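The values are calculated or read from the model by the stated rules, or taken from the named source; none is laboratory data. Remember, it's a predicted structure, so these values are computed and weren't measured experimentally. Cβ sites come from the backbone with ideal geometry, for glycine too, and all protein chains shown count toward neighbours.
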Amino acid sequence: MPIPMICDLHTHHHPATPGTAIVQLTPDAFNPLPSHLYSVGLHPWDIRDDWRTQMAKLLVMALHPQVVMIGEAGLDKINDNVPMEVQAAVFREHVRLSELLRKPLIIHCVKAIDELIAIRKELKPTRPWVIHGYRGGSEQWQQLTRAGIYVSIGYRHDTPLAKAIPLPQLLLESDEHSDINAVYALMSEQTGMPCSVLQQHVDANIRHLLTQPIP
């Protein structure tokens, strides 16, 4: 059988064809289906007082061979339920897990780009970092690129940025949107490139992230 193209970096839905998307699971809902690819992490909104126990549970699940990315994890200043110092502590644990298992980190970041970059400079990770669902503009994207952080965009994104991202860096996702094809159709309309060409580049870029050697 031909190897399926991975055309969806981040989704909360199992795709019809296993292996074509990286499905987000939480430690409390980890039930991998055969042949699917997964990320597993503790979302900032799911952090509890017993987060150390949550992270210990996460470590076991992150070892599963179908888990190819760690996260989504990150920082969210809109989340008033969890202090930022706790969010940062939990995020640092995800970074350490990403480094330990040599798996890329997928990141949820809301109004905390400066803090995210500061942690990256502090920890100096070797695994790729990707902010998912990125909606910022080109200037901020350039700042992230200089810091060595990738972005993944979904259906809602900045159109000029979609046109500016070089094909070797293009990452697309459906997130909670159920149809990745709609994301590709929109990107095709905005960039003038056929969906099939976009899929080939995204597949190559995701596979590069998953196999990127340690410097």
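Observations on the structure shown:
- Check on Met193, among the hydrophobic types (A, V, I, L, M, F, W, C), touching a strand residue (DSSP E or B) at 6+ places or on another chain (Cβ under 8 Å) and not in a strand (DSSP E or B): no
- Residue list for the stretch 1-42, filter: small (Gly, Ala, Ser), under 16 Å from Val130 (Cα atoms) and not in a loop (DSSP other than H, G, I, E, B): Ala21, Ser39
- Residue in the stretch 162-178 that is under 25 Å from Leu58 (Cβ atoms), in contact with an Asp or Glu (Cβ under 8 Å, 6 or more places away or on another chain) and not assigned by TED's automatic domain parsing to the domain that holds Leu209 present: no
- Of all residues in the stretch 1-15, those that are over 14 Å from Ser178 (Cα atoms) have Cβ atoms under 8 Å from Cβ atoms of residues that are of a type in the set (S, T, N, Q), 6 or more apart or on another chain, in Pro4/Thr17; Pro4/Thr20; Met5/Thr20; Met5/Gln199; Met5/Gln200; Ile6/Thr20.
- Checklist (1) in a helix (DSSP H, G or I); (2) of a type outside the set (A, V, I, L, M, F, W, C); (3) at positive phi applied to Gly133, failing item: (1)
- Residue match in the stretch 166-186 (condition: hydroxyl-bearing (Ser, Thr, Tyr), farther than 25 Å from Val110 by Cβ and surrounded by 16 or more Cβ atoms within 10 Å (Cβ to Cβ)): yes
- Extreme residue, surrounded by the most Cβ atoms within 10 Å (Cβ to Cβ), among residues of the stretch 18-52 that are β-branched (Val, Ile, Thr) and at pLDDT 95 or above: Val40
- When the residues of the stretch 79-88 are filtered to those that are closer than 18 Å to Gly41 by Cβ and part of a loop (DSSP other than H, G, I, E, B), the one that is farthest from the chain's Cα centre (by Cα) is Asn81.
- Annotation: of all residues in the stretch 120-137 being free of Cβ contacts under 8 Å to residues at least 40 places away in the same chain and either touching a Pro at 6+ places or on another chain (Cβ under 6 Å) or loosely packed, with under 15 Cβ neighbours inside 10 Å (or both), the one that is farthest from Leu100 (Cα to Cα) is Gly137.
- Considering residues of the stretch 139-177 that are under 14 Å from the mean Cα position of the chain (by Cα) and among the polar types (S, T, N, Q) only, the residue farthest from Gln24 (Cα to Cα): Gln169
- Cβ pairs under 7 Å, 6+ apart, first in the stretch 145-172 and touching a residue at least 24 places away in the same chain (Cβ under 8 Å), second part of a loop (DSSP other than H, G, I, E, B) and surrounded by fewer than 20 Cβ atoms within 10 Å (Cβ to Cβ): Tyr150/Pro128; Gly154/His177; Tyr155/His177; Leu161/Gly137
- When residues of the stretch 178-215 are limited to those that are among the hydroxyl-bearing types (Ser, Thr, Tyr) and under 18 Å from the mean Cα position of the chain (by Cα), the one nearest to His12 (Cα to Cα): Ser178
- Meets criteria (modelled with pLDDT under 95, over 20 Å from Met5 (Cα atoms) and of a type in the set (A, V, I, L, M)) for Ala147: no
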